Amino acid sequence: MTLTDRAPRTVTLQAPEGPATGAAQQALDRAVATLLASQDAAGWWQGELETNVTMDAEDVMMRRFLGVLTDEQLQSSARWIRSQQRADGSWANFRGGPPDPSTTAEAYVVLRLAGDLPSDAHLRRARDVVREHGGLGRTRVFTRIWLALFGICSWDDLPALPPELIHLPPWVPLNVYDFACWARQTIVPLTVLSALRPQRDLGIAVPELWAPGRELPHDTTSTGWARAFIALDSLLHRYERRAPKALRARALQRCCDWIVERQEADGSWGGIQPPWVYSLMALHAMGFPLDHPVMARGLAGWDRFTVREQGDDGPVRRIEACQSPVWDTALALVALGDAGLGPSHPAMRAGAEWLLGEEIAVRGDWAVRRPGLAPGGWAFEFDNDGYPDIDDTAEVVLALRAAGRAGSGAVRRGVDWVVGMQCRDGGWAAFDADNTRELAYQLPFCDFGAVIDPPSADVTAHVVEMLAKVGEAQSTPAQRGVRWLLAAQEPDGSWFGRWGANHVYGTGAVVPALVAAGLARDAAPVQRAVRWLVAHQNADGGWGEDLRSYQDPTWVGRGASTASQTAWALLALHAAGAAGAAPAQRGVRWLVRQQRPDGTWDEPQFTGTGFPGDFYINYHLYRQVFPVSALARCLKDRPWDPT
């Protein structure tokens, strides 16, 4: 399909009547004031990244493993975990989601450690949830690894993870660089733990969580590659018992060196929870004392990811799986630029200067696939020089453009780096190029979350929009990206959202990108997307999509209205030239009516995606930055009355 293709008809939307009264402008002004007030003195913005209680349970278990858990930490974490339990006894992976037996099992274990009794009503309900889903033997591999660290599960019943994997060269299938950056940083320390099989005393036993007759999770119905890898796992288990000592020692040392080489300046690994906690435990199992500089930096940095508050029953603490200051700052600057703040505004200047200081000038794992590419770009976190990402870099370039810094050398280096990271098929992934070996999903330990990093519609759209805004819409990389997006459109007219929930996010990203790149507003793909959005608008005027849509197609485009998802839909309608039509007016009206007096919006729903189907995020700043952009853009086109 070419940029000049047209639909046989366009969508006819009724325009509203009546003069503007300024209600939408007032809502925008309040939201802008609130956003400005939340900027740090150093120039950055950062909203909390809320996740589920696995972060808190695993923090407690890691501290217990390392011998640094205090009673105050245990009890304050337990208070938070109890507060998140639902009436049926379960814990879920997102607000309103289905019971997750693995998350429930991890929460149960920590509450037992905190002194709660199996006979307590809330633990009886939790126990029943775990057992109804098959007991501990049917929990995910990562949960059983945690339990094996304390002797609750057997290492023999877990998939083999030989550390010799580290010696496979990058051209051999299933080498560590065949996995996404977040997965490889987790797998390498897990191979150390799997080989050493350390076991610490938890001080409790939980036999009540086993379901008799359902102890083993093996799938005897597997066929093809899955069955072959089950057989391979059996062979690897036999190898584990006979691994040559010299070879094993070299592999463990290489894994240890690999881990240490990738520690970030703030003590983290990748700036995210899974590789961080596993790396600390693996190094400790290898003999690193707690006062070793690597361990000390890791534990000190981890404290920065701890949120402490006063709860109803006393202090509570919860863990952020990650922090997103670069992403949040870029989105805030784009939103404020949409709202009319110019480059001379102090907030714009401060934000731009901070972002320029966060440019990454060193090579990371991405260079394994792109050895000749010069470094550039930005990461998601405060300190993550090893893993810049394409999505953040595209958004930062747009933010610096809004702040009047489009001509800086950092922007040029960022654009060049992003272009160099384009995949063979024309799309862009988040962290790596051509990280698409789906064979990785057949490995027995890959039963939770995404383990590869293929191109996605939302990241590709952000890059295409960025290239268009810097004057490169007709460049070969941009046009290849456009063709990728057109080919990726779903039959219903939407786009899948890899990093946000879900088709509303994907469609909200792609339509503005295609129009910015030159696709006509009345072109068939744009009109199909508009029809999909209009068809999935809620009766209250907003948009929402439940995270269950990643696994159940009946939820696609369906869910309670949220501020961020309503804004995504409005951004697409605005780009398609429909900002003045009735559906967009109803969407703006929803935002105006749902705004709190302080200029914010409530959004308990999780609208960010970590691993589709498994791990989700509530970005607390999404409910602010995206409505600002949506209201500002719609008001510029059509200042109508939304009351």
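Summarising the amide proton neighbourhood of G610: residues at separation of 5 or more, or on other chains, whose placed amide H is nearer than 5 Å comprise F615, Y616, I617. Take the alpha carbon atoms of region 243-295, find their center, do the same for region 328-361, and report the distance between the two centers in whole angstrom. Region 243-295 and region 328-361 have Cα centres separated by 36 Å.
Taking P(r) over Cα pairs in 20 Å bins from 0, in percent straight from the coordinates, which label in [x] 16, 45, 30, 7, 1, 0; [y] 19, 52, 27, 2, 0; [z] 18, 48, 26, 8, 1 is the correct one? Answer by label: [y].
For the peptides 113-120, 87-94, the ranking by mean Cβ contacts within 10 Å, running from highest to lowest, is 87-94, 113-120. When the Cα positions of A406, G377, Y387 are compared along the charge dipole of region 343-438, A406 comes out farthest toward the positive end, with charges on each C-beta of Lys, Arg, Asp and Glu.
Dipole size of the chain about its Cα centre, with +1 on Lys/Arg Cβ and -1 on Asp/Glu Cβ: approximately 920 debye, rounded to the nearest 20.
Among the chymotrypsin sites (Phe, Trp or Tyr not before Pro) within region 524-556, not one is in coil by DSSP while having at most 16 neighbouring Cβ atoms inside 10 Å. By the helix-only formula, in which each DSSP H run with n ≥ 4 contributes -39500 (n - 2.57) and the sum is divided by residues, the chain has a 222 nm mean residue ellipticity of -14500 deg cm²/dmol.
Using a/c under 1.5 as the rounded threshold, could you call region 418-574 rounded, prolate or oblate? The axes a ≥ b ≥ c are square roots of the C-alpha gyration tensor eigenvalues, and prolate needs a/b larger than b/c, oblate otherwise. Oblate, since a/c reaches 1.5 and b/c is not below a/b.
Shape class of region 235-387 from the Cα gyration tensor (axes a ≥ b ≥ c, square roots of the eigenvalues): oblate, since a/c reaches 1.5 or more and a/b does not exceed b/c. Assuming charge only on the beta carbon of Lys and Arg (+1) and of Asp and Glu (-1), the dipole of region 540-608 about its Cα centre is about 220 debye to the nearest 20. Exposed loop sites are taken as trypsin sites (Lys or Arg not before Pro) in a DSSP loop (any state but H, G, I, E or B) with at most 13 other beta carbon atoms within 10 Å; the longest stretch of the chain without one runs 10-303. For region 41-93 versus region 426-441, the spacing of their alpha-carbon centroids is 31 Å. For region 367-422 versus region 525-561, the spacing of their alpha-carbon centroids is 32 Å.
Here, each number is a calculation from the coordinates, and none is a lab measurement. Bear in mind that the values here come from a model prediction, so they are computed numbers and not experimental data. So basically every Cβ, Gly included, is an ideal-geometry build from the backbone, and we count neighbours across all protein chains shown.
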